[in-house]
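Encoded as structure tokens, the structure appears first; notes follow it.
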Amino acid sequence: MGLENRIVYDIVDVVEGTCRLKQALIKDKRFENLYLLPAAQTRDKNAVTVEQMSELCDKLRESFDFILIDCPAGIEQGFKNAIAGADRAIVVTNPEVSAVRDADRIIGLLEANEIKDIRLVINRIRQDMVRRGDMMSKQDIIEILAIELLGLVPDDESIIVSTNKGEPAILDSKSSAGQAYKNIAKRILGNDVPLLEVSTDNNIFSKLKKMFGMAK
């Protein structure tokens, strides 16, 4: 988001009472209603408890319509904290077998923690590789994970450029990934936005399913 240089307080400062919640929130100057509450980069991951995270999310709900919690990789304390205040989840995965396997495990943990509204975003998908059969298609992934698809994000080098500049990709009108992010946001708001369609007739995973009689 490019807001790192403006961080004074973080989430640990809030729960420890070092500052008020409003003092830790950083307003994005480009988007009127967007704020960032920074995570602690130099503190122990156990500095915030599940109970404190849940209480903090309840406070944030008083002022915001949507609270996006960026969950760290893995299933340690950071994961437990992230889901403590959540009422739904978006699982982001790459179209690779190992990544989809990890996503399936995360979905199981979310369901075990009574989070039932779980949706899927497939990241870094390449239409050319899907058509050649060298990459898992959205159908392959949905069949394995069995959750609703929220969006497809194409592999786009503009993401690297945006990250290096510290600017959101949605500000780049030529970014296909940026447009995909906008479409995902619209779907979250309840708008009907078509998904990117990719032909999968030659997909190796589809061929394997046909060979073993798994194709529907």
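Worth pointing out:
- Once the gyration tensor of the Cα atoms in the chain is diagonalised, the equivalent ellipsoid follows with semi-axes of 34, 21, 15 Å, ordered largest first.
- In degrees, nearest ten, helix 50-61 long axis to first principal axis of the chain (Cα): 90 degrees
- Reach of K174 by Cα under 13 Å, taken over aspartates and glutamates that are not fewer than 8 positions away in the same chain: D156, E157
- Fewest-first ranking of T42, T18, using other Cβ atoms within 10 Å as the exposure measure: T42, T18
- Rounded to the nearest 10 degrees, the angle from helix 176-188 to the longest Cα principal axis of the chain is 70 degrees.
Read-outs throughout are calculated quantities, based only on the coordinates presented, and are distinct from any laboratory measurement. None of the values given here were measured: they were computed from a predicted structure. A quick note on method: Cβ atoms are made from the backbone with ideal geometry, for glycine too, and the neighbour counts reach across all protein chains shown.
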